[in-house]
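Data first, discussion second: the structure below is written as structure tokens.
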């Protein structure tokens, strides 16, 4: 029997909540790009840490390509997807660990972890990090939900085998 990826949208309210958060904060996304934080490589480390938890094959493919373009090695990408953050730059490690925790807790991180992120990066930068985490969550859960739908629609002949 096929298993589905770990995380999917179980109802439309979850999806619209994530989309609403992104739309409400779209100016912050622009501010982040203008400020240069996080860098492209840092952003991809965050994306891959979350994708490693949520196991979206579409996001794995897309963000592997973007990570390679941003200068990450194939070995580092594989390690990030496997939850091994030993090669993360010291200034990014806490955020990448937070991203994994955030995904593991289904976007409900512990108060201690949230406080540590803000202490390490400040309010503005931790806000940018949260925005990127929500972006990848939408991608991951949408891709996984589409895969699950494809599996059912094709009577198990298509979709992700996990």
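Values quoted throughout were computed directly from the atomic coordinates according to the rules given, and no laboratory measurement underlies them. These numbers were taken from a predicted model, which means no experiment stands behind them. Here the Cβ is made from the backbone with ideal geometry for all residues, glycine too, and neighbour counts use every protein chain on show.
The figures follow:
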{"read-out": "Å³ per residue enclosed by the Cα convex hull of the chain", "value": "119 Å³"}
{"read-out": "Sorted by Cβ neighbour density within 10 Å, fewest at the top, the residues 50, 106", "value": "106, 50"}
{"read-out": "Rounded Å value of the spacing that divides the Cα centres of the stretch 69-114 and the stretch 122-162", "value": "17 Å"}
{"read-out": "For the stretch 1-72, the spread of Cα positions along each principal axis, largest first, Å", "value": "46, 31, 14"}
{"read-out": "Per-residue Cβ neighbour rank within 10 angstrom, fewest leading, 21, 42, 149", "value": "149, 21, 42"}
{"read-out": "Relative contact order (%) - the stretch 69-162, alpha-carbon pairs under 8 angstrom, separation at least six", "value": "14 percent"}
{"read-out": "Principal axis dimensions, largest first and in whole angstrom, of the stretch 96-147 by Cα", "value": "38, 19, 14"}
